[in-house]
Structures are given as C-alpha cells and as structure tokens.
1. Does residue A:119 satisfy the criteria of being farther than 21 Å from residue B:157 by Cα and within 12 Å of chain B (Cβ to nearest Cβ)?
2. Among (1) farther than 26 Å from residue A:315 by Cα; (2) surrounded by fewer than 18 Cβ atoms within 10 Å (Cβ to Cβ); (3) within 14 Å of chain B (Cβ to nearest Cβ), there is one condition residue A:81 misses while meeting the rest; what is its number?
3. What are the residues in the stretch B:281-316 that are in contact with a strand residue (DSSP E or B) (Cβ under 9 Å, 6 or more places away or on another chain), within 16 Å of residue B:221 (Cα to Cα) and away from chain A (no Cβ under 14 Å), if any?
4. Of the conditions (1) over 23 Å from the mean Cα position of the chain (by Cα); (2) facing chain B (nearest Cβ under 8 Å), residue A:111 fails just one. Which one is it?
5. So is residue B:94 surrounded by fewer than 19 Cβ atoms within 10 Å (Cβ to Cβ) and on the phi < 0 side of the Ramachandran plot or not?
6. Could you check how many residues of the stretch B:164-186 are more than 14 Å from chain A (Cβ to nearest Cβ), more than 13 Å from residue B:212 (Cβ to Cβ), out of contact with any helix residue (DSSP H, G or I) (no Cβ under 8 Å at 6 or more places or on another chain) and surrounded by 17 or more Cβ atoms within 10 Å (Cβ to Cβ)?
7. Can you tell me which residues in the stretch A:128-144 are at the interface with chain B (Cβ under 8 Å from one of its Cβ atoms) and surrounded by 22 or more Cβ atoms within 10 Å (Cβ to Cβ)?
8. If we scan the stretch B:485-494, do we find a residue that is farther than 22 Å from residue B:599 by Cα and part of a loop (DSSP other than H, G, I, E, B)?
C-alpha cells in the first residue's frame, strides 16, 4: 500500500513537472507494437546498420545490401550486382530536395537517382576513402564521413573537399558519423572525439576527452565522455549535440556537458553504436537494447526482447515478447512486457518516421508503433499502481 | 616522363632555363587567359551572321520566334507574310527558346552568359534575366508556368527556377551534357535528352540517357537507358492517339569495330530512339527501341530537329549534316514498330532497310537544319537553316518545301563561314555517313568515344576522340602526333582515313582549318573572373609546379607536371611522350601530349579513354610514376591538383 502511494506520488509529481514545462514536455511515447523484418519475410540476413524513412518508403542499409521497403513490404534488395558501391551499407541519407538517395557503403559512396546508381570511389573521385560510414545532405553539399577523413562534395560543381589530420584537428581521421545543420557540421571520430565545422567561419573545433587519455572522463560532466565516438546527432529543439561512445552517452549544450552512464541513469549499456534525437528525445543504440532518454522529463525508456540474454548474433527474435524498462528521475524502475519485441537487443541505429520509429538491429529491422490505447493504459497503470 | 626513345627529353629542348622561363612567364601571365580569348572575339571581319538554331511558334500560329545564336537575338517572323517583324537582343550565344503556357512570355537560354532572358512575347520587351547553371541550353516551363526548367550542359544538371521570385529552387542531376528538354503532353513529366553517353566501363558500347523529371515532385523519376547510341537531340512526342511515344534522333556508332574492316564500307548510322516512358501505360520500366533513318546506300547524318504534327500524322526529323528533313508517316512507322519483339528491342537498330517503310519524303532544306516546329493547324512545318540564316517552310499537305524565309543575314560568305559549312557537311564522306561535326558536336566537343581508325590490325590503336575546342597552336595532331598541322589533319588524313571518299579541295581545306582554329572553349566556370584561385586551387597550382617530393627529394625535370604540360604552349609540350599508358593493343608507346585547357570537361582521359575521371589518370594508370611523379601525394593533394587543373 505504501509502495503504491509512493508510486502514485511519483507519477503525480512527474505530471505536475510536465505540466509546468508546458505542452513541450509530454511523457515519452511507448512503443508497444513491433513489426520485424528478417529473412523470414524477405529481408536479407545479418546486421542492419542504418535506416532512413523516405515518405512511404524506408531505406535500410544492411551487411548484405540496401533494402527498399515500400508500404511495409520488401520491394527490392540492391547489391553490387545492381550497381551499388558495396554490399555493406553503413549509412543512408535522403536528399529531400532532389529525392536522390546517398548511400555510404564499404566500397564507396553511391547516389541513387531515378532508378540508377552512380558511384564515387577513392580511385575515381575525390572521395577520401572507400570505407564510408556516414553521409548527410546539406543543400547542394553532401558530407561524407570516411575512414580517412571527412569529404564535402558539391553536387553542382563536382568539387571535393577533404578534411583529415593534415588540415584539421583530427586526432584520428576515422570518422563514424556525421550530422549537419544549416550552420554546422558535426563529426563523430573514432578515437578523435567530436569535431564541429563552422560553415561561416570555415574552421573546425574539436571536442575531446579532457583527460587526453583513453579512459572515460574523471568527473561526470567534465567533457566528452570518451574519444571513441561512434555516432553523432544534433537536436535543434534542445540546441544540443549528442555523441554516442563505447563508454557512455554525452550531450553538449554549448556550455555544459551532460554525460550518462548505466550506473547513474536508465541507459541500458555504455556500449553505444549510434545516437539519434527527436524533439526532447535522445535515443541511444546500445548492445543491450534501445534506450530513449527524454531530456525534459528525465525519464529513460529501454526496449529489448525479454529473452535478450539468450540471443546471440546469429539469432533474431521472431515473435517473442519484449520488455519496456522505465526509469524515473528518482532512480526507480519499472518493467513491462509487451507481446512483440525488437528483432534483437544489439541495436545499431534508429530513425523516425512521424511518430513511428525504425530500429536497425544486429539481426533484422524493427518497426516500432505506438498504440495510443495501450500507451494510455500503461501510463494509467503507473499512476494508479494497478 | 620520357621521350619516345626512352631518354629524358629535357636535355634536347633547353634545360633548366626553359623550365625557369616557363614558370616565370606563367606566373606573370597569371592564368590560362594568356593563351585563350573571349567568346565575343571574332577571328575575321564578321559580317553579322544570324545562325538561327531554334524556334517556337506562337499558340495561334501567327508568329515564329527564332533564336539567332550568332547575333545574340530573337527575331520574330510573321507566318503569313514571312517577314521579320521584330527582334530583341538576348544574352551571349542563345541556344533554345520556350514559351510560357499562356503564350505571353518567351524564355531564351544564353549558353555563354549562364542565364535565361525573359521576354514579353507581344512587345518583345526584356522583362528580366534569370541566373542559371553553367552552359544553359534546353528549357521549358511546367504546365502551370510557375517553374522554369533549364538544362545546364556544363554541369550535367537541370536548374528549377521559381518564376515568381526568379530564383533557382533546386537542381536535379541528369546524365552528360543535357541539351534538350520537353514537357510531356500530360504536363506531369519533363524529358531531358543528353548529348554525350554515360561514362561507362571501358570498351563497352555506349549507353545514352533520357532523364525524366516528375514536375509535381520536381525530382528525377526515371533514367531511361538508350543502348548503343550517342548524341540524343531534340525530343518529339507522338500523341497518345497515334502511339504515345517519344522520338529522339541519335547517332549509332560502331566504334567497337575497326571501321575500315567493314567490307561493305563505313558503318556509322543515324536514326531515332522510340521510347514509351514508364508512366505512359503503367509499365514497370520504359520501353526503348531504335530505328534507323538511313537508307542502304545513302545516309542522313546528324539527326537533330524533331517534331510531330498535333494530329500525330507526321513526324519530321532534320538531318543537319545532310541538309534534309525526313518526313515520317507515323501510321506506317507504327506498323513497323509492332514487328519489333518486346524481348529484342534492338532488332531493327542496325537495319538499313527500315526507313523505306515509314519515310514518306526526304526534302532538301538549307544548310544545317537544326530545329523544326509545326503549326497548330497541322498545315506547315518551319525549319531553321542555321548556316543559311533562313527558314524552310514545309507544306504538310503536299509534303513539299513551299518557301524559304530569309531572316535577313548577310549574303557575303567569309572564309570562316565556308569552313563552318564544310564542317557540317556530310557530302564529303562515303555515302554521306557523317561530317566533322558528327564526332565533334556542339562547337567541336568530343563525343566521348574511343575509335579504331588507322591501323590494319583489327582492334589495335584504340583512340579517344578529342575535342577540337581551342586546338589552335597545339600541333602536332593525332594521338601519335603524326599530323604536323591542321591542314594535314583535316585534308589528306581525313580523306584517307576518315571520310574514305572525295577529299576537300585546297581552298576547302583552308576554309575548314580556319574554322577549326576558331573553335573555342566555353568560359571556364572554375576560373574566377577576378583571377583569384581558391585555397585548394592554389595548393593544386603549387603541386603542378612543384620541384620536390613531399619528403624533400628533387623531382627530375621530366617527371614534373609542367615539363610536358607547359603553360605557355596551351599546357602541351607538343611532343610525344611515353607515360606508361600503352596497352598491348597499341602499336606505339609514346603519345601526343594533350593540351590541358578545358580538361575538366574532356572525360574520359588518356589516349584511349581508359581513365574515366581525372583522378583515375594517377590512381589507376600511373603505377610507376611515368605520368609525372605522383606516388608520394596523398589524397588531399591529388584533390587539390584536380581542382587546379579544372581552372585551366
């Protein structure tokens, strides 16, 4: 009885806080329905590295080609046989202006336009390296994160620019991710921290672990949590960039760092492969599930299969149940089971399509859907302590 | 880099003093402009030719709007009186014209001003000038008239311009050298024909492209492959009631055969692509077939202009180098098309007996008929004769030329004018198969193909076609440097190896070479008019003129870029060099050093076209540093070098 009372008070406090913040701080969405794409329904086997919704279509980069989903079905799996630069597709970006799809592959950069691929490689173009991990479109420019630096490709003039350890403050030029805004470019460098390029000033600013060591920061919010940065995202609503590392999650608001570890947050694992952001939400793709952090309410939500410990790299969930773990700002946690689940606990990336999310896992692609009634029921159950 | 004898050639030609002088003079000169000249410069006293190249007909059919490429104007012709009733100045080298859907506004692309002139069609008052990409040619509005689409030939894309603001809203990528475009009859799509074939795998037949833009989404919705052909030109649309397809003239080369080995003579044909786009009829992909317009014993070189009567009865295709318009009976063409198996779309692509089934009449036009327009009442067609400054009028009921409209150009024929006419004349070639312009279209451009011409060994000495633009002062010529001057190149050599027919007279050779010498590169968009280089270009220039490797070792003179590509002589030393690019198919090892001016638009590269991009010259074909010492360079340096080369 006392526990219920405490829980009710906690929820009530949270709702009051949320109300105080206005409509901009709703409770985080709860994804209770998952549709998985695995070899069972025509999806290629193996890792899914990235995903990019494109209208009613979804592009997914996998270890075995680029997948086009249309209206919830696998329409086509593109491989090198179709002209793709490489079968392992690490990143996809849709140019909303032209409709062209830019594909970063282990083998080069591909541009899919009007049903055809055009490839850019290290030997045939100004591409810095054929291992392309990240790609982002910024108007006429395409930014590319490669294993040997960052490229900017001018789609009008065909000019290529390179930034690496020779002309920019890259400790390591091995770049894993890239995000762009109208004014800045954010780069995740594996071992090199985060680098931010100012388009107006034409300069790079590095953000690295202040310890200058390959250990995590000594003090919690001292700086970037670690120099091995696997992904980067900019959140225009929070005016923050978020960096995923293999040792925790870091956010920077221009003045202060906000670091998160499993030991003091709801983060499922400190080993994070990618980070994405939407509204006030920050999504960390960890090896032990997909963790969402609502920056305004400070609520954490993690999604993973119930039997995730039994899964290995060669096995994906088919129709197994999932679990949602909610962590409240006061450290309390609650676990809920859902009838369906993410395809795998090892999460490699996530993307948003309206309210829906698409999750790239080590064994298949998952489509997460909010069921409003179910969501309300769950939140009510928290409030009522049912 | 070594001379043909395998020895460093620098000792023969001047040593260090020459090198120092070269560098100093280059820096003093500041840029390539020391060797080039502006587009507006004329090489002889020009009496003011017009060169009508494109035309539009007013919605009611009472007026012709004629784009005059040489005089930089639009002339207006009354279709009843055949009199020129107005004219308006536009930008430099206007190429194409489009009318707004309401017929009230004219849009004219200015290839050398990188702009479109917007003109009130009634008053001929210039309303404004719209900025485009580089080298705009084809253009059209969408169905609403709110957006203008302009093909930027030098950037391989299409600018989409909001006509309310006059600003470009976006660009979409095409294939290579997009030249003409046309709005579909439904208004939902825009078709773009690309003059040059895609850059593809070496030693494979060319594949050209028709790019389809969805006007609602303003995105490329389809890239239609047209196999085995190059030089796609004007686009004509057969109405749905008569077949619902596109007709696009092309040239179908047989460059993978050694031409002289064809026992029946030459084999380089001209025809038209017949395309049913994907969106017309709900096909999963476009259906493409090809039909030749040539006859067995006479060819109709350089199909260029194309139009279909509104009722779909007749199609007209001009053969620009044959000075002929072919009038096609569409119903008979449809019957032939029905015989082509769906699974063998190229079944008729090489058949020289096809045209007799559907060509109703071949009518002689003036010189270089480039464009054709049909009156709304289906009664008349008008054809621009670019090198006669006139318009041929075809009566489509009698299928005869009934009149020739004089646009008012000068009657005097200069040396250059005669040379240009010869350049565009296929009658000197065996069976009229082609003219100089066939392989060097659009002002001497290279058509980007590799040929086998001059050897008795089948498949040997494959040679990349080079541009003729700005070749004055770059002798000797030919890939092996065997032709000491243009007179030999264009005279005896052309007679013997190219045309295989009646040669030019001495005066004709003089006229022709004068014209070829006058061909110029377009303005270099990479070159800042103020003379400044970007940081990358400056770094690239330092690499071009460097004397030491990255680790401080002296680079031998003959391994420096500027040794073979000397700035003062158009970036060519004008000798033959062995740069290690000979293949087992080559009978020689040393090749003529090409000039570098305009190198950014000359892909593919090397004597045989094996390098598809500038980067590949060094990343794939310079393993032993024979083509300059480059192995110490990192990727950023190579990119900088490429950026500098693009300014030349």
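1. On the way: farther than 21 Å from residue B:157 by Cα: no; within 12 Å of chain B (Cβ to nearest Cβ): yes.
No: the conditions fail for residue A:119.
2. Result: residue A:81 fails condition (3) only.
3. B:281, B:287
4. (1)
5. On the way: surrounded by fewer than 19 Cβ atoms within 10 Å (Cβ to Cβ): no; on the phi < 0 side of the Ramachandran plot: yes.
No: the conditions fail for residue B:94.
6. Going through the stretch B:164-186 one residue at a time, the tally reaches 1.
7. Of all residues in the stretch A:128-144, those at the interface with chain B (Cβ under 8 Å from one of its Cβ atoms) come to A:128-129, A:140.
Hits for the stretch A:128-144 are A:128, A:129.
8. Taking the stretch B:485-494 and keeping what is farther than 22 Å from residue B:599 by Cα, we get B:487-488, B:490-494.
Still in the running and part of a loop (DSSP other than H, G, I, E, B): B:491.
Yes, that holds for at least one residue.
The values are calculated or read from the model by the stated rules, or taken from the named source; none is laboratory data. Just so it is clear, the model here is predicted, and its values are computed rather than measured. FYI the Cβ positions are ideal-geometry reconstructions off the backbone, even for glycines, and counts take in every protein chain you see.
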